[in-house]
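Have a look at the structure below before the remarks.
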Amino acid sequence: MTRYKEIAREVEASGATLVAVSKMHPYDAVLEAYADGARIFGENRVQELEAKFPLPAERPEGMIVYLIGQLQRNKVRKAVALADRIESVDSLPLIEKIEKEAAAIGRRIDILLEINSGGEEQKAGFRSEEETLEAASFIISSCPHIRLRGLMTVGPLGFDEERNRRAFSYTQSVFERMKGLSDDIDVLSMGMSSDWRTALEYGSTEVRIGTAIFGERS
């Protein structure tokens, strides 16, 4: 049994959107959460999204799936065809590849830019505010098949309340600057099972929660 209803009440009371992160959980668990009211699901890998979920036109009514994990360029074609949003775009070459593949199938795909808010070398994401805003400006001016919706980050490795707050505060400040570039930019995606309440304090409009909904992954 999932805890979707319980968590959704608290998230939605704050005005944010809840993404149920179903990575490494079976499709039966997805359907159970769907029955509890979940409509937006998050997957980390293109191959799992492809294997687990029906094609977009065949999914239950209202079910959408976001790709939230790091995307390799050789998986972009499938990602553009299968995901309703790509939330982990972290480089200009990846942006250019997404634009090319979306143009090839005549689709405009929603994306979020990922910023490395904790300065951790082992993590993905744009490394500075300037790089992030330059990428945003490039999309808006040069990528007609991409709609930039906002910004995402993953909190620092290991739960450290003070580091999380610094990372979320920084990401919020970059997001506020980014919003001035386009009216389409309205999504600030921060917070996971261990830190989503903290993220909401810093203006997160979307939280990505897996373990707290579905339990531990096998």
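For the reader, a short list of remarks on this structure follows.
- Of the residues examined, Asp195 is one that is more than 17 Å from Ser128 (Cα to Cα), out of contact with any His (no Cβ under 9 Å at 6 or more places or on another chain), among the acidic types (Asp, Glu) and open to solvent by less than 50 Å² (accessible area, probe 1.4 Å).
- Residues located in the range 118-137, provided they are more than 18 Å from Asp184 (Cβ to Cβ), open to solvent by less than 50 Å² (accessible area, probe 1.4 Å) and assigned to a helix (DSSP H, G or I): Glu129
- Scope the range 81-110; condition among the aliphatic types (A, V, I, L, M) and open to solvent by 10 Å² or more (accessible area, probe 1.4 Å); matching residues: Ala81, Leu82, Leu92, Ala103, Ala104, Ile105
- The set of residues from the range 83-117 being over 16 Å from the mean Cα position of the chain (by Cα) and assigned to a helix (DSSP H, G or I) comprises Leu92, Pro93, Glu96, Lys97, Glu99, Lys100, Glu101, Ala102, Ala103, Ala104.
- Of all residues in the range 138-154 being under 23 Å from Ala167 (Cβ atoms) and open to solvent by 10 Å² or more (accessible area, probe 1.4 Å), the one that is modelled with the highest pLDDT: Arg149
- Against the conditions (1) among the hydroxyl-bearing types (Ser, Thr, Tyr); (2) surrounded by 15 or more Cβ atoms within 10 Å (Cβ to Cβ); (3) farther than 16 Å from Ile86 by Cα; (4) in contact with a strand residue (DSSP E or B) (Cβ under 9 Å, 6 or more places away or on another chain), Thr211 satisfies every one except (2).
- Among the residues of the range 65-99, the one identified as basic (Lys, Arg) and under 19 Å from Glu134 (Cβ atoms) is Lys97.
- Matching residues in the range 98-123 - criterion: being of a type in the set (Gly, Ala, Ser) and touching a Gly at 6+ places or on another chain (Cβ under 9 Å): Ser117, Gly118
- The number of residues in the range 138-177 that are under 21 Å from Val76 (Cβ atoms) and either of a type in the set (Ser, Thr, Tyr) or touching a Leu at 6+ places or on another chain (Cβ under 8 Å) (or both) comes to 10.
- Enumeration of residues in the range 56-80 that are part of a helix (DSSP H, G or I), open to solvent by 10 Å² or more (accessible area, probe 1.4 Å) and in contact with a helix residue (DSSP H, G or I) (Cβ under 8 Å, 6 or more places away or on another chain): Pro56, Arg73, Lys75, Arg77, Lys78
- Residues satisfying the stated conditions in the range 14-45, i.e. within 19 Å of Glu216 (Cβ to Cβ) and of a type in the set (D, E, K, R): Lys23, Asp28, Glu32, Asp36, Glu43, Arg45
- Complete set of residues in the range 8-55 that are open to solvent by 70 Å² or more (accessible area, probe 1.4 Å) and under 13 Å from the mean Cα position of the chain (by Cα): Arg45
The values are calculated or read from the model by the stated rules, or taken from the named source; none is laboratory data. It should be emphasised that the depicted structure is a prediction, and the values quoted were computed from it without experimental measurement. Counting neighbours? That spans all protein chains shown, and the Cβs are built from the backbone with ideal geometry, glycine included. SASA here: full protein model, heavy atoms, side chains in, ligands and nucleic acids out. Shrake-Rupley method; radii C 1.70, N 1.55, O 1.52, S 1.80 Å.
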